[in-house]
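Working notes, beginning with the structure itself.
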Amino acid sequence: MSAPSAKIPKLNNGTEVGKGDAKDNFDQGEAVEQIDELQTKIDEVNERASEEMLAVEQKYNKQRRPYFEKRAEYIAKVPNFWMTTLVNHPVFSDFLHEGDTDVFMYLTKLEVAEFDDIKSGYKIIFSFRENPYFEETTLQKEFHIDPTGEPVATATKISWKSGKDMTKRAVAGGAAGSKRPAVPESFFCWFENSDDAAADELGEVIKDDIWPNPLHYYLDGDEVVDDNIEDDEDELEEDEEEDELEEDPEEELGAEDD
């Protein structure tokens, strides 16, 4: 008794794979081999493109530096520039506890410095005036790739003054049904936590969004204030109109009585 023949898989359209003449099967196999070879060449081109784009980015990073330095000089002339910018940012503000804003009143400078080999990492530097919260005037968090190729984060050890440790707070849970993970109540919980550098959202936000154009978020606060003022003025005008409408019938009744 002969063994049962192997089940022939079918394509989605119901066509059985493997049936047909030998020439068709040979052509398909050869085509797959050619596709594989071409895909290898495409991958090689993509790799060269990535290397060239990296070289271009490094070139322009150097050209940006003097502008960043000049920008920092003007930012220093604007009171609470960085605190306002960070508070106005929709992601960064999620990491701020109400007490953190008091600490950021002492923030004088924020800087992102990418390594010469930008693939290897970057560091974020926060500069503070002397303050009642911690001893350091510079706090630095660095993200880099270790020798095994894994992302690693390291941060300045903060020397908190008595009773001022912002990390001694509970973790705020995410809203019910929210896909967004719970975030620390204090920014400084994020700063001191280096457990999962690969999933660090805030570091990337600072490097790629806030640092390139902080003015956008600084001015956003003024726009919000202006909008609120306009809304208040509109509400005031509406209230005055309603008051006038309420007063008019009484005046008419008074006139009829006379």
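The values are calculated or read from the model by the stated rules, or taken from the named source; none is laboratory data. All of these numbers come straight from a predicted model, not from anything done at the bench. Cβ: placed from backbone, ideal geometry, glycine included. Neighbour counts: every protein chain shown. These area figures cover heavy atoms from the full protein model, side chains too; ligands, DNA and RNA do not enter into them. Shrake-Rupley method; radii C 1.70, N 1.55, O 1.52, S 1.80 Å.
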Heavy-atom accessible area of ASP102, protein chains in place, probe 1.4 angstrom, given in Å² to nearest 10, is 80
Report Rg(Cα)/(2.2 N^0.38 Å) for region 13-165, keeping two decimals.
1.79
Given points 7 Å out from each Cα along the Cα-Cβ axis, report the ARG48 to SER120 separation in nanometres with one decimal.
2.6
At 1.4 Å probe size, put GLU51, GLU201 in order of accessible surface, largest to smallest.
GLU51, GLU201
What's the extension gain from ASP209 to GLU111 if we count 0.36 nm per residue and subtract their Cα-Cα distance?
34.0 nm
Rounded to the nearest 10 Å², the 1.4 Å probe accessible area of HIS97 is 40
Nearest-0.05 FRET efficiency for GLU201 and ASP27 at R0 = 41 Å, using Cβ-Cβ distance, is 0.25
Most to least accessible of GLU111, GLU69, GLU136 (protein chains only, probe 1.4 Å):
GLU69, GLU111, GLU136
On a full-extension model of 0.36 nm per residue, what is the gain between THR40 and SER162, subtracting their alpha-carbon distance, rounded to one decimal in nm?
37.8 nm
